[in-house]
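What follows is a short report on a single structure.
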Amino acid sequence: MNPSAYARFTSTLLGNLSVRSDVLGLVALGSTSGEGAPPDQWSDHDFFVVTAPGAQEAFRADLSWLPDADRIALSFRETAHGLKVVYRGGHLVELAVFDAEELFLARVNRWRVLLDRADVEARMRQVRERTAAETARRDDDVWRAGQLLGGLLVGTGRFRRGERASGQRLVWCNALEHLLVLVARHVLAERPEARDDLDAFRRLESAYPALAREIERARGLDLPEAAAAL
């Protein structure tokens, strides 16, 4: 989706929801928020809809309020509050529907309130502060370093045993995530604004281009050598 089409989708979404009396807010997330990196042709739409109490499930069950709803190819419930929606052209929408009190179940980093009829802005600031506090106290460096080394050792062992898929997952998903979190804590990024504090993999190539190149070189090695490189 090109930038103009992306902006039209957002504008139409806001217009569709603004005329509904049972809608109390619309919160744009991630690329949709306009904070940080702008949306590009690969960006999805990510947002929260805030409704009057009791109206949430109707919005999850009937998606006719979405722009171009007749072009939806697939939609499914991902969580108790959220859905993924795929359009025929491949555009992805990730959304969740909450009432105002349920917003406090969410975790966010980049966000912008597009529609506010129930102190949504103030509520989202509280959600962001709580998310940051929970992230900060979730673990310490010793735990992360132990998980990193444990993942590399167990992943390499499984790979050598013949459990190649499981070994690859432990090294390139689990262990690498712990490494990237530690890097984000202790290594100055070349572009700090590109970092994502909820997903260490996001925009790694922009924030830490030299490290990203080292990781790519390691990917070209057999797993035991790659684990040693990490």
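The values are calculated or read from the model by the stated rules, or taken from the named source; none is laboratory data. Just so you know, these numbers come straight off a predicted model, no measurement behind them. As a convention, Cβ positions derive from the backbone with ideal geometry for all residues, glycine included, and neighbour counts pool all protein chains shown. These area figures cover heavy atoms from the full protein model, side chains too; ligands, DNA and RNA do not enter into them. Shrake-Rupley method; radii C 1.70, N 1.55, O 1.52, S 1.80 Å.
DSSP bridge analysis restricted to the chain gives an antiparallel fraction near 75%, rounded to the nearest 5.
3J(HN,Hα) couplings calculated from phi for the range 98-112 with the Karplus curve 6.51 cos²θ - 1.76 cosθ + 1.60 (θ = phi - 60°) are, in sequence order, 10, 8, 4, 6, 5, 3, 6, 7, 7, 10, 9, 10, 8, 7, 8 Hz; Gly and Pro show x.
For the pair S21 and R191, what calculated FRET efficiency results from E = 1/(1 + (r/R0)^6), where r is the Cβ-Cβ distance and R0 = 45 Å, to the nearest 0.05?
On the way: r = 43 Å, r/R0 = 0.96.
With R0 = 45 Å, the Cβ-Cβ based efficiency is 0.55.
Where only protein heavy atoms count, and the probe is 1.4 Å, what is the accessible area per residue for the range 1-134 in Å²? Don't skip to the answer; put the middle values down first.
Details: 6440 Å² over 134 residues.
For the range 1-134, the solvent-accessible area averages 48 Å² per residue.
Computed over the alpha-carbon pairs of the range 122-217, the distance histogram in 10 Å steps reads 15, 38, 32, 12, 2, 0 percent, short to long.
Could you check how much of the accessible area of the range 168-230 is carbon and sulfur, as a whole percent, using a 1.4 Å probe?
50
By average Cβ neighbour count within 10 Å, what is the ranking of 95-103, 1-9 from highest down? Display every interim value, and only then the final one.
Numbers: 95-103: 19.3, 1-9: 14.3.
Taking the mean over residues of other Cβ atoms within 10 Å, the ranking is 95-103, 1-9.
Taking 0.36 nm per residue of separation and subtracting the current Cα-Cα distance, fully stretching the chain between R160 and R130 would add 6.6 nm. Return one number: the angle in degrees, 0 to 90 and rounded to the nearest 10, between the long axis of the Cα atoms of helix 176-186 and the longest principal axis of the Cα atoms of the chain. For helix 176-186, the angle is close to 80 degrees. Rounded to the nearest 10 degrees, the angle from helix 3-18 to the longest Cα principal axis of the chain is 50 degrees. Per residue, the convex hull spanned by the Cα atoms of the range 72-137 amounts to 115 cubic angstrom. If only the Cβ of Lys and Arg carry +1 and only the Cβ of Asp and Glu carry -1, the dipole of the range 16-110 around its Cα centre is close to 160 debye. Residues whose amide H lies under 5 Å from that of D99, counting only those 5 or more places away or on a different chain, are T51; hydrogens are built 1.01 Å from N in the peptide plane. Note that the range 203-211 has calculated 3J(HN,Hα) couplings of 6, 3, 5, 7, 6, 10, x, 5, 5 Hz, one per residue in order, obtained from phi through the Karplus relation 6.51 cos²θ - 1.76 cosθ + 1.60 (θ = phi - 60°); glycine and proline are x.
Counted over the range 1-125, the DSSP beta bridges are approximately 75% antiparallel. Under 13 Å from a point placed 7 Å out from the Cα of V183 along the Cα-to-Cβ direction: which residues of the range 193-218 have their backbone N that close? Residues 195-196, 200-218 fall inside that zone. Two numbers describe the Cα atoms of the range 29-104: Rg and Dmax, which are 12.8, 36 Å.
Across all directions, the average flat footprint of the convex hull enclosing the Cα atoms of the chain is 14.1 nm². A simple rule links phi to the HN-Hα coupling: the Karplus curve 6.51 cos²θ - 1.76 cosθ + 1.60 with θ = phi - 60°, which for the range 190-201 gives 5, 10, x, 5, 7, 5, 10, 7, 9, 9, 5, 7 Hz, with x for Gly and Pro. Placing a pseudo-label 7 Å from each Cα along the Cα-to-Cβ vector at L198 and R219 gives an inter-label distance of 2.4 nm. Under 5 Å from the amide H of R20 lies no amide H of any residue 5 or more positions distant or on a separate chain, with H modelled from the backbone and absent for Pro and chain starts.
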